[in-house]
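Structure first, then comments.
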Amino acid sequence: MNDQHIRTKLKDKVVGIAGCGGLGSNCAVALARVGVGKLVITDYDKVDVSNLNRQYFFTDQVGKAKVIALKENINRIDPLIKVETHEIQLNEENIPDIFKECDVIVEAFDRAEMKQMIVETVLEKMPDHYLICGSGLAGWGENESIGMTVTGKLYFFGDGSNEVSEDFPPLAPRVGVVANMQANQVLEIILGKM
Amino acid sequence: MEIQLNNNKEIIERDQLTLAELIQYKNFTFPMLVTKINGLLVKKVDRDNVMIKAGDDVIVLHLISGG
């Protein structure tokens, strides 16, 4: 499949991104660059200067809603990509409606409670949907510990153990690795294996 | 009894136990977990009531903050 075939296949696809922080912003940009036709992005937060160590935003976007800033950045890469923004906190009730037309959903939350909430919601209310999660990405190094766990249509990427803390922050390289593994899995699901 | 735990064969030295007891037995200490038995989600509130049987396919996934 050459690049043009890939773009043709991706043009009609819709991917949901639940959270536009380190995982979500980087994953969305990777999917935009390869030509996924539509992205449904959600976040209730605004860009903070502390986010710039890992999230795909710029200094002149500090204070702006993350969904608006990310849409701008995606459309600077490719103005033809449709970006549907929801500046909202996701919950058990709104997830099935917001992501109903998505071929694949990417979990890109910060807090473990929210990760659990979306996994349980998708498994219970949207069992036909693929859900690609990130779990365990704090710190640096330890490339060999980052892996994948699959159960049904649920995928987990990360080390499964390193929780963020003051002395163990999320940083661009390791967050980017996991975000791009998520994007790579989205492609494998949409395009099929090589 | 023998079960599948996270896609690996596992011998549990008990005749019967609940999913919550299995989590304790295996010392899965993270507060946020997703659990499935034979492909079906078991929500947190149900882990005390659901019994593990020999041959069950159990998945326990850790949800780690950071993103």
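FYI, it's all coordinate maths here, none of it is from the lab. None of these values were measured; they are calculated from a predicted model. Glycine also receives a Cβ, built like all others from the backbone with ideal geometry; neighbour counts cover every protein chain displayed.
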Scanning segment B:23-36 for residues that are within 11 Å of chain A (Cβ to nearest Cβ) and aliphatic (A, V, I, L, M), the one farthest from the chain's Cα centre (by Cα) turns out to be B:32
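With the condition kept exactly as written, say whether any residue in segment B:47-59 is of a type in the set (Gly, Ala, Ser), within 11 Å of chain A (Cβ to nearest Cβ) and more than 30 Å from residue A:170 (Cβ to Cβ).
Restricting attention to segment B:47-59, the residues satisfying the condition of being of a type in the set (Gly, Ala, Ser) are B:54-55.
Those left that are additionally within 11 Å of chain A (Cβ to nearest Cβ): none.
So far as segment B:47-59 goes, no, none of its residues is of a type in the set (Gly, Ala, Ser), within 11 Å of chain A (Cβ to nearest Cβ) and more than 30 Å from residue A:170 (Cβ to Cβ).
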So the strands (runs of 3 or more DSSP E) completely within segment B:1-66 holding 3 or more residues that are among the hydrophobic types (A, V, I, L, M, F, W, C) and touching a helix residue (DSSP H, G or I) at 6+ places or on another chain (Cβ under 9 Å) are B:33-37, B:40-42, B:57-62
Counting only residues in segment A:23-45 that are more than 14 Å from residue A:68 (Cβ to Cβ) and of a type in the set (D, E, K, R), the one surrounded by the fewest Cβ atoms within 10 Å (Cβ to Cβ) is identified as A:33
* To do: For residue A:41, state whether it is touching a His at 6+ places or on another chain (Cβ under 6 Å), on the phi < 0 side of the Ramachandran plot and touching a residue at least 24 places away in the same chain (Cβ under 8 Å).
  => no
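For segment A:87-194, give me every one of the strands (runs of 3 or more DSSP E) that falls completely inside it and has 3 or more residues that are over 25 Å from residue A:51 (Cβ atoms). Before the answer, list the steps.
Values: elements: A:104-107, A:130-134, A:147-151, A:154-158.
Fully inside segment A:87-194 and qualifying: A:147-151.
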Residues of segment A:115-138 being more than 9 Å from chain B (Cβ to nearest Cβ) and either under 16 Å from the mean Cα position of the chain (by Cα) or surrounded by 14 or more Cβ atoms within 10 Å (Cβ to Cβ) (or both), in sequence order, are A:117, A:118, A:121, A:122, A:126, A:129, A:130, A:131, A:132
